[in-house]
Amino acid sequence: MPKKVLGIIGGGQLGSMLASAARKVNIKTIIICDDPNAPAKKFADEFILSNYNNDQKIEEFAKKADIVTFEFENIPYLTLEKINKFTKVLPEPNINKIIQNRLTEKDFLNKINIKTTLYASIENEEELKLNKRLLPGLLKTCTLGYDGKGQHEINSIEDINNIKLDPKKKYILEKLVKLKKEFSVIVTRFASEKYEIYEPIENYHEEQILKNSKIPSDISDDIKEKSKVWSKTIAEKLNYIGTMCVEFFIDKNENLYVNEIAPRVHNSGHLTINSHNVSQFENHIRAICSLEKIPTKKLFNAEMINLIGSDISNYRNKKFKENEFFYDYLKNEIKNKRKMGHLTIVKKLKNK
Ligand code: ADP
Ligand code: MG
């Protein structure tokens with residue numbers, strides 16, 4: 001039987017890790033990406049260089065694949081729809097449409113009774129002035145933000161008076177949560193009420209970029225349970241197929257909020273490659289390619305350290321211990337604030 005071909009939109013490190021996981025379960029990969037130096041090129045069986053609105057290339061890509069997925073959510077919705085006409089895209093494009101806009105994402109969450117921080121839609125300076133109740137707050141662009149890009153802290157009326165909004169962009173103003181902890185839940189939904197779910201992963205950010213993740217997380221059992229229920233509810237209401245991540249906040253009064261949803265594999269789940277029998281990447285591929293669902297079990301506790309910018313230089317020639325796993329994303333150029341690689345350290349479980 002010929003091998004199944006998985007199409008992946010996007011060629012960053014998540015694409016690389018998806019392609020590696022696909023190889024493990026005997027599935028071929030074809031990647032489409034607009035970056036000639038895409039790191040995932042080295043991991044995929046085939047690579048198409050194209051921007052995401054070249055109809056001819058998009059069609060060629062779609063026709064070569066049996067199923068298509070994506071490694072980042074900011075793909076134009078129209079592109080996903082076009083691909084979906086030839087080859088099924090999972091998770092479904094309409095899910096992406098909701099989640100790629102911070103405003104429709106938060107409206108959706110509140111509609112299904114899941115708590116988020118308070119927020120308002122902002123299109124001009126006047127609307128900012130009308131929402132002083134949300135200060136101190138974070139002003140974010142509704143679309144295309146990642147790793148804290150497109151975000152401004154607004155603490156006072158003076159900040160409001162000084163800010164110049166881009167009239168071509170839409171924004172959301174979010175009340176700042178007094179953070180006690182951040183964590184994420186990664187869940188893979190195979191079909192209605194059929195899940196594999198990882199235990200909550202504690203995350204630590206620096207300058208709005210993920211720096212460390214670890215399991216077990218140091219949070220109460222109640223919150224662990226509640227966050228898993230919320231994550232499953234979100235996946236169920238979206239009719240989601242594949243791996244997704246829900247990012248959570250806990251505030252100083254132990255209130256739980258959803259920060260955002262990532263409709264894809266997630267940086268905080270990199271440690272699952274080494275800590276579990278089935279990684280978030282393999283589970284994603286198993287779910288979207290209709291492969292067997294394997295009960296997912298933790299083998300080790302783990303900690304992941306993101307190597308950002310020049311951090312990577314200190315690791316490239318380092319000797320690692322048996323329980324340390326170093327991943328170099330093989331990016332062409334070291335850039336400030338750019339995720340260049342990661343290190344996972346596993347620790348034996350107490351009862352082993
Ligand atoms: P991105 O898409 O860039 O990941 P996020 O909304 O997750 O955007 O913001 C990145 C980080 O900024 C969060 O993980 C958190 O540390 C901080 N942050 C974002 N929104 C808030 C908020 N409303 N209150 C407190 N901290 C926030
Ligand atoms: Mg985030």
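The values are calculated or read from the model by the stated rules, or taken from the named source; none is laboratory data. Since the structure is predicted, the reported quantities are computational estimates derived from the model, not experimental observations. Ideal geometry is used to build each Cβ from the backbone, glycine not excepted, and the neighbour counts take in all protein chains shown. SASA here: full protein model, heavy atoms, side chains in, ligands and nucleic acids out. Shrake-Rupley method; radii C 1.70, N 1.55, O 1.52, S 1.80 Å.
What to note about this one:
- Meets criteria (within 16 Å of ligand 1 (Cβ to nearest atom) and more than 14 Å from the chain's Cα centre (by Cα)) for Glu207: yes
- Of the residues making up segment 1-20, those that are touching a His at 6+ places or on another chain (Cβ under 9 Å) and open to solvent by 10 Å² or more (accessible area, probe 1.4 Å) are Gln13, Leu14, Met17.
- Considering segment 245-261, the residues that are within 12 Å of ligand 1 (Cβ to nearest atom) and among the acidic types (Asp, Glu) include one that is surrounded by the fewest Cβ atoms within 10 Å (Cβ to Cβ), namely Asp251.
- Residue within segment 211-220 that is closer than 30 Å to Lys348 by Cβ, of a type in the set (D, E, K, R) and open to solvent by 70 Å² or more (accessible area, probe 1.4 Å) present: yes
- Condition met for Gly242 (touching a residue at least 24 places away in the same chain (Cβ under 8 Å), within 15 Å of ligand 1 (Cβ to nearest atom) and either open to solvent by less than 20 Å² (accessible area, probe 1.4 Å) or of a type in the set (S, T, N, Q) (or both)): no
- Verdict on Phe43 being in contact with a helix residue (DSSP H, G or I) (Cβ under 9 Å, 6 or more places away or on another chain), surrounded by 22 or more Cβ atoms within 10 Å (Cβ to Cβ), of a type in the set (Phe, Trp, Tyr) and within 21 Å of Asn239 (Cβ to Cβ): no
- Of the listed requirements (1) assigned to a helix (DSSP H, G or I); (2) open to solvent by less than 60 Å² (accessible area, probe 1.4 Å), Asn161 misses just one: (2).
- Checking each residue in segment 202-231 for being hydrophobic (A, V, I, L, M, F, W, C) and within 13 Å of ligand 2 (Cβ to nearest atom) picks out Ile209, Leu210.
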